[in-house]
Amino acid sequence: MIHITLPDGSQREFPGPVTVAEVAASIGSGLAKAALAGKINGKVVDTSHQITADSPLSIVTAKDADGLEVIRHSTAHLLAHAVKELFPEAQVTIGPVIENGFYYDFSYKRPFTPEDLVAIEKKMGELAAKDEPVVRRVLPRDQAVAYFESLGEHYKAEIIASIPSNEDVSLYREGKFEDLCRGPHVPSTGKLRFFKLMKVAGAYWRGDHRNEMLQRVYGTAWATKDELQQYLTMLEEAEKRDHRKLGRELDLFHIDDHAPGMVFWHPKGWTLWQEVEQYMRRVYRDNGYQEVKGPQILDKGLWEKTGHWDKYRENMFVTESEKRDYALKPMNCPGHILIFKQGIKSYRDLPLRYGEFGNCHRNEPTGGLHGIMRVRGFTQDDGHIFCTEDMIQGEVTAFTTLLQKVYKDFGFTEILYKLSTRPEKRIGSEESWDKAEAALADGLRASGCEFEYLPGEGAFYGPKIEYVLKDALGRQWQCGTIQVDPNMPERLDADFVGEDGARHRPIMLHRAIVGSLERFIGILIEQHAGALPAWLAPKQVSVLNITDGQADYARTVAKTLLDQGFRVELDLRNEKITRKIREHSMQKLPYILVVGDKEREAGAVAVRARGNLDLGVMPLQDFQAKLAGDIASKA
């Protein structure tokens, strides 16, 4: 007899081997119909998987995260099936699941067109409607290589040939199409109903630029029609909010081929930058951080000591002078340790908090660059705290509380907290890992935070917390972090004099709130759809005259506001007032002030707020107070 234990603790008994599908059917016809896969001891398997021993089992449906993964994986194969139906000469390569969807790479004699994508998606629908069974079989490696070679699928044969010769490989067939895959897959194509192809892009075979350029078709798949529509609607809104598009329209910045991955900040963009940086500088000052500044270029020997030269060399920009090798710093941490080491440090000096707006450079692949969100040259609000093990919890609690306030001021109220714990390959004693992980967890709890563990995701030298903010579209952005590091102080021989008079190694806490300022500003632009709150807006108010008769009064209004420290734009052009209002509205300014004869005579202004809201006529002093209030409250 075989005993199957279900998630609720109940058991089902079967006289012999039983499939996942048969277990589901024994529970009920509804579950049998909904079953996409099974999960046994944490492993997701096909519904056709045969259980031969007593096992715990949960039935995976479209409501489960694992079910959605199976749907997307299977839809990638449905895409390949459709392509082979329409373009028999195309060769299939790989088709993994990615965030919110999947892709599949193809080798074909010509580029796929938008019309091709429409035809492929239509064919996918037809194949899904046939509800063909998806059947798994296993072949020895060499036999599988020969099989795919016979089909003319040379890329598949190459993939299989890289597998050890003593291993078997699994294949999945649906209709006339058979593909290499570990699985699992849905039991039949009829389970795949809500999908859409998104775009086609180029991708080198196996990610190597020396290989053939393939065509990568991206798609998305969901469990329900509503979820698919919500995702597509979100993408439409995200396109409107794209920081690259808004950066051009609002004249904030540009990226130039003369400096790929570097940002050219325009006057208004640099004003926004300065508001973010100066705000963070005040955060440093008010929370016990001492601001420092390290050099951009550091000797190769330092990077060898830290381990970066061996493990990170390909991502570093290097140079040479007088037969010495140097690198542009990709991070600020080693420089902060060198500052810490100047002079004798005592336990009375700890915790010692350094902060730096450090310029860093990383040689990111061209294909990975994305506006100002992924660049080669960036500035971090980088901080490092030197402390003892016993101080970690208190520092984490204080940092978390501070981070929450900063994010709220920038308009982000929803934060996810993730604690990454010890990986399989690590240094340090189990006791030190226990203490560090407990300190991070207790620090989060003391701040009232619910968090999830990410087992094994910590660095080899210490655990970390990731602070993930959610934006107005529900997208997640990991910006903040605090990470325990006893390793780098050890490598660079940093120490302090303890209460016992002996030398001790400090713990180094790497911490950032906004992370890369470039990336964070990109997120800010998209969060607010370019309509930045008054305290951040590069121009807070524009002053428009109706005719030349009010030009002098408009200048007086603008100067009065400028003298109060507000960021003002004055428009005295001989244009219709309706046109001027429209143009300034498109720049998403918080306020537009219109002055005509009545306003001039009354010493007042007609106020229009963003969103075409008419606030009426008010004394200039009242408007000053209103704008000052908006800025102070960060509304």
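Descriptive notes on the structure:
- Summed over the range 431-460, the residues that are of a type in the set (A, V, I, L, M) and crowded, with 18+ Cβ neighbours inside 10 Å give a count of 5.
- Test: residue in the range 501-517 that is in contact with a Lys or Arg (Cβ under 9 Å, 6 or more places away or on another chain) and surrounded by fewer than 18 Cβ atoms within 10 Å (Cβ to Cβ): no
- Out of 84, 109, 39, one residue alone is over 25 Å from residue 152 (Cα atoms) and either touching a strand residue (DSSP E or B) at 6+ places or on another chain (Cβ under 6 Å) or not hydroxyl-bearing (Ser, Thr, Tyr) (or both). It is 39.
- Condition met for residue 493 (free of Cβ contacts under 8 Å to residues at least 60 places away in the same chain, surrounded by fewer than 23 Cβ atoms within 10 Å (Cβ to Cβ) and outside any strand (DSSP E or B)): no
- Out of 574, 545, sole residue that is more than 29 Å from residue 410 (Cβ to Cβ) and in contact with a helix residue (DSSP H, G or I) (Cβ under 6 Å, 6 or more places away or on another chain): 545
- Yes/no for residue 202 being at pLDDT below 95, of a type outside the set (D, E, K, R) and out of contact with any strand residue (DSSP E or B) (no Cβ under 9 Å at 6 or more places or on another chain): no
- Considering the range 77-136, the residues that are among the hydroxyl-bearing types (Ser, Thr, Tyr) and surrounded by 17 or more Cβ atoms within 10 Å (Cβ to Cβ) include one that is farthest from residue 187 (Cα to Cα), namely 107.
- Check on residue 500, over 27 Å from residue 423 (Cβ atoms), among the charged types (D, E, K, R) and not in a helix (DSSP H, G or I): yes
- Scanning the range 300-328 for residues that are assigned to a loop (DSSP other than H, G, I, E, B) and either out of contact with any Leu (no Cβ under 8 Å at 6 or more places or on another chain) or of a type in the set (Ser, Thr, Tyr) (or both) returns 307, 312, 322, 323.
- In summary, residue 634 fulfils each of the numbered conditions (1) touching a Phe, Trp or Tyr at 6+ places or on another chain (Cβ under 9 Å); (2) modelled with pLDDT of 95 or more with the single exception of condition (2).
- Residue 220 satisfies every condition listed in (1) touching a strand residue (DSSP E or B) at 6+ places or on another chain (Cβ under 8 Å); (2) in a helix (DSSP H, G or I); (3) in contact (Cβ under 8 Å) with a residue 12 or more places away in the chain except (2).
- Enumeration of residues in the range 29-67 that are under 28 Å from residue 228 (Cβ atoms) and of a type in the set (Ser, Thr, Tyr): 29, 47, 48, 58, 61
- Cβ-Cβ distances below 9 Å connect the following pairs, each with a first residue in the range 357-372 that is touching a residue at least 40 places away in the same chain (Cβ under 8 Å) and of a type in the set (Ser, Thr, Tyr), a second residue that is part of a loop (DSSP other than H, G, I, E, B) and buried (at least 17 other Cβ atoms within 10 Å of the Cβ), and a separation of six or more residues or different chains: 366/261.
- Given (1) under 21 Å from residue 252 (Cβ atoms); (2) polar (S, T, N, Q); (3) out of contact with any strand residue (DSSP E or B) (no Cβ under 9 Å at 6 or more places or on another chain), index of the condition residue 587 fails: (3)
- Strands (runs of 3 or more DSSP E) contained entirely in the range 1-102, each with at least 2 residues that are touching a residue at least 24 places away in the same chain (Cβ under 8 Å): 2-5, 37-40, 43-45, 58-60
- In the range 373-430, residue surrounded by the most Cβ atoms within 10 Å (Cβ to Cβ) [restricted to those that are of a type in the set (Gly, Ala, Ser) and not in a helix (DSSP H, G or I)]: 383
- Looking only at the range 329-365, and only at residues there that are of a type in the set (A, V, I, L, M) and either at pLDDT 95 or above or assigned to a helix (DSSP H, G or I) (or both), the one that is surrounded by the fewest Cβ atoms within 10 Å (Cβ to Cβ): 344
- Which listed residue, of 550, 587, is in contact with a Leu (Cβ under 8 Å, 6 or more places away or on another chain) and either crowded, with 16+ Cβ neighbours inside 10 Å or among the basic types (Lys, Arg) (or both): 587
- Pick from the range 505-532, criterion out of contact with any Cys (no Cβ under 9 Å at 6 or more places or on another chain) and hydrophobic (A, V, I, L, M, F, W, C), ranking: nearest to residue 287 (Cα to Cα): 517
- Count - residues of the range 375-420 that are within 19 Å of residue 458 (Cα to Cα), of a type in the set (A, V, I, L, M), touching a residue at least 60 places away in the same chain (Cβ under 8 Å) and touching a helix residue (DSSP H, G or I) at 6+ places or on another chain (Cβ under 6 Å): 3
- Residues (more than 17 Å from residue 526 (Cα to Cα), in contact with a strand residue (DSSP E or B) (Cβ under 9 Å, 6 or more places away or on another chain) and not hydrophobic (A, V, I, L, M, F, W, C)) located in the range 242-257: 256
- Residue ID - nearest to residue 183 (Cα to Cα), chosen from residues in the range 1-33 that are among the small types (Gly, Ala, Ser) and in contact with a strand residue (DSSP E or B) (Cβ under 8 Å, 6 or more places away or on another chain): 24
- Restricting the search to helices (runs of 4 or more DSSP H) fully inside the range 551-609 and requiring at least 3 residues that are among the aliphatic types (A, V, I, L, M) gives 551-563, 577-586.
The values are calculated or read from the model by the stated rules, or taken from the named source; none is laboratory data. Remember, it's a predicted structure, so these values are computed and weren't measured experimentally. So basically every Cβ, Gly included, is an ideal-geometry build from the backbone, and we count neighbours across all protein chains shown.
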